[in-house]
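The values are calculated or read from the model by the stated rules, or taken from the named source; none is laboratory data. Source: prediction; values computed, not measured. Counting neighbours? That spans all protein chains shown, and the Cβs are built from the backbone with ideal geometry, glycine included.
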Amino acid sequence: MSSQYPDGVSAEEADALRALAKEALRKRLAALRRTVSSETRQSFALAMSQRVVAEPSFEGAKVLLAYSALRFEIDPRAIVERAFEQGKTVVLPRIIAETRELALHVYRPGDELVESGFVVQEPLPSAPLIAASEIDLVLVPGLAFDVRGHRLGYGQGYYDRTLPALTRAVRFGLSFELSLLVEVPASAHDVPVDCVVTEKRAIWRDDARSLPR
């Protein structure tokens with residue numbers, strides 16, 4: 001038994017409880033997100049984009065890892081367009097189902113994207129690859145975030161495996177304000193984002209204050 005867990009709960013039992021809590025939250029938040037109209041979602045995405053591109057971290061980044069939005073996700077397209085305008089290299093992930101990892105491919109305007117088995121638009125396998133260590137800034141999707149930067153994903157673990165490899169990237173999580181939680185059940189291996197950006201504000205983690213902002 002470990003004293004850090006209440007009521008005599010073991011580490012293994014605590015992990016199981018976190019998993020149950022995360023799954024319940026995923027269902028609730030996925031349903032909640034669907035209540036946001038497309039017009040409101042676009043408006044909120046634009047507000048978030050304006051906050052991100054105004055950050056010194058964005059201005060100084062040369063290589064940006066973005067993502068292709070699912071139907072009800074926050075679309076980072078305006079951020080990508082600004083990145084192209086400023087001559088930055090834009091990277092999009094491609095899901096490798098066999099290894100449950102993300103391959104990082106350079107994306108240029110007009111490049112063909114194909115739909116994956118997860119209904120995500122992603123680069124062709126033949127698109128140029130780039131090392132994770134080259135990424136300066138990453139936009140991280142999620143069902144929810146908390147004020148500490150912890151993320152509730154979709155349960156597949158792709159970003160959990162990828163974020164530790166982005167050794168020099170500043171991590172921005174894009175979240176609706178209604179999806180911002182007081183606390184996401186987090187495990188020791190979970191990697192928080194440095195800044196959560198909503199349609200209303202940008203929330204930096206205290207230990208990320210030394211990053212460009």
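Out of curiosity, is GLU183 out of contact with any Pro (no Cβ under 6 Å at 6 or more places or on another chain), over 23 Å from VAL53 (Cα atoms) and either of a type in the set (A, V, I, L, M) or touching a residue at least 12 places away in the same chain (Cβ under 8 Å) (or both)? Considered against the rule, which asks whether it is out of contact with any Pro (no Cβ under 6 Å at 6 or more places or on another chain), over 23 Å from VAL53 (Cα atoms) and either of a type in the set (A, V, I, L, M) or touching a residue at least 12 places away in the same chain (Cβ under 8 Å) (or both), GLU183 comes out as yes. Kindly check whether there is at least one residue in the stretch 6-15 that is modelled with pLDDT under 95 and buried (at least 16 other Cβ atoms within 10 Å of the Cβ). Looking for residues that are modelled with pLDDT under 95 and buried (at least 16 other Cβ atoms within 10 Å of the Cβ), one finds at least one in the stretch 6-15, hence yes.
Filtering the stretch 61-89 to residues that are free of Cβ contacts under 8 Å to residues at least 60 places away in the same chain and in contact with a Lys or Arg (Cβ under 7 Å, 6 or more places away or on another chain) leaves PHE72, LYS88, THR89. Residues in the stretch 152-169 that are surrounded by 15 or more Cβ atoms within 10 Å (Cβ to Cβ), of a type outside the set (Lys, Arg) and under 15 Å from ILE96 (Cα atoms): TYR158, TYR159, ASP160, THR162. For the stretch 66-109, the candidate set comprises residues that are part of a helix (DSSP H, G or I) and in contact with a helix residue (DSSP H, G or I) (Cβ under 7 Å, 6 or more places away or on another chain); within that set, the residue that is surrounded by the most Cβ atoms within 10 Å (Cβ to Cβ) is ILE79. Of the strands (runs of 3 or more DSSP E) contained entirely in the stretch 134-213, not one carries at least 1 residues that are modelled with pLDDT under 95 and polar (S, T, N, Q). Given the criteria of a type in the set (Gly, Ala, Ser) and touching a Leu at 6+ places or on another chain (Cβ under 7 Å), does ALA45 qualify? Answer is no for this residue. Across the stretch 186-201, the qualifying residues are those that are within 15 Å of the chain's Cα centre (by Cα) and of a type in the set (Asp, Glu), and the one among them that is farthest from GLN50 (Cα to Cα) is ASP190.
Considering PHE172, PHE176, the condition of being farther than 24 Å from LYS88 by Cα, crowded, with 18+ Cβ neighbours inside 10 Å and in contact (Cβ under 8 Å) with a residue 12 or more places away in the chain is satisfied by PHE176 alone. Just a yes or no: is a residue in the stretch 38-52 more than 21 Å from CYS195 (Cα to Cα), without any contact (Cβ under 8 Å) to a residue 40 or more places away in the chain and assigned to a loop (DSSP other than H, G, I, E, B)? So far as the stretch 38-52 goes, no, none of its residues is more than 21 Å from CYS195 (Cα to Cα), without any contact (Cβ under 8 Å) to a residue 40 or more places away in the chain and assigned to a loop (DSSP other than H, G, I, E, B).
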